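Structure first, then comments.
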Amino acid sequence: MQQSELKYFKEILESRKKQILKNISGVNDELDQLNSLELNDEGDYAAANNNSMIESAIVHQQEKELREINVTLAKISAGDYGICEMCEDLIGFQRLKVKPHAIYCIDCREIVEKTK
């Protein structure tokens, strides 16, 4: 992969990382606010609990993506970026444009999804 392409993907990944950190911080602030509310009835409690569960799920998913991005940024630094972890072929440029932190080429991704 060319240096310009690596730079392109690194910028995308770093930008996404900043956005995720901002999102997680915002959701954590909202969860803190929900926890500090005085809930007067079961309806309020149920609504707050539902919001809390949804936001916790969002944080969990974003933390997973953040870990994947950190691994990918380390691969860029090590010169291993864009190589499929299963077959060790190059991951296509178009696939990386769609998911810059992809660890599998399209064929291997299909195999992984079918075996789950």
_Count of residues meeting criterion [part of a loop (DSSP other than H, G, I, E, B) and surrounded by fewer than 17 Cβ atoms within 10 Å (Cβ to Cβ)] in the stretch 80-112_ = 8
_Conditions first: (1) outside the structural domain of Met1 (by TED's automatic domain parsing); (2) surrounded by fewer than 18 Cβ atoms within 10 Å (Cβ to Cβ); (3) free of Cβ contacts under 8 Å to residues at least 40 places away in the same chain. Glu68 passes all but one, so which condition is the exception?_
(1)
_Which residue is modelled with the lowest pLDDT, if the candidates are limited to the stretch 1-54 and must be acidic (Asp, Glu) and assigned to a helix (DSSP H, G or I)?_
Asp44
*Can you tell me which of Ala74, Ala57 is modelled with pLDDT of 95 or more, under 25 Å from Asn23 (Cβ atoms), among the small types (Gly, Ala, Ser) and in the same structural domain as Gln2 (by TED's automatic domain parsing)?*
Ala74
*Tell me, yes or no, whether the stretch 60-81 has at least one residue that is farther than 13 Å from Met1 by Cα and in contact with a Ser or Thr (Cβ under 9 Å, 6 or more places away or on another chain).*
no
_Can you pull out every residue in the stretch 5-33 that is exposed (fewer than 15 other Cβ atoms within 10 Å of the Cβ) and aliphatic (A, V, I, L, M)?_
Leu21
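The values are calculated or read from the model by the stated rules, or taken from the named source; none is laboratory data. This is a predicted model, so every value here is computed, not measured. Here the Cβ is made from the backbone with ideal geometry for all residues, glycine too, and neighbour counts use every protein chain on show.
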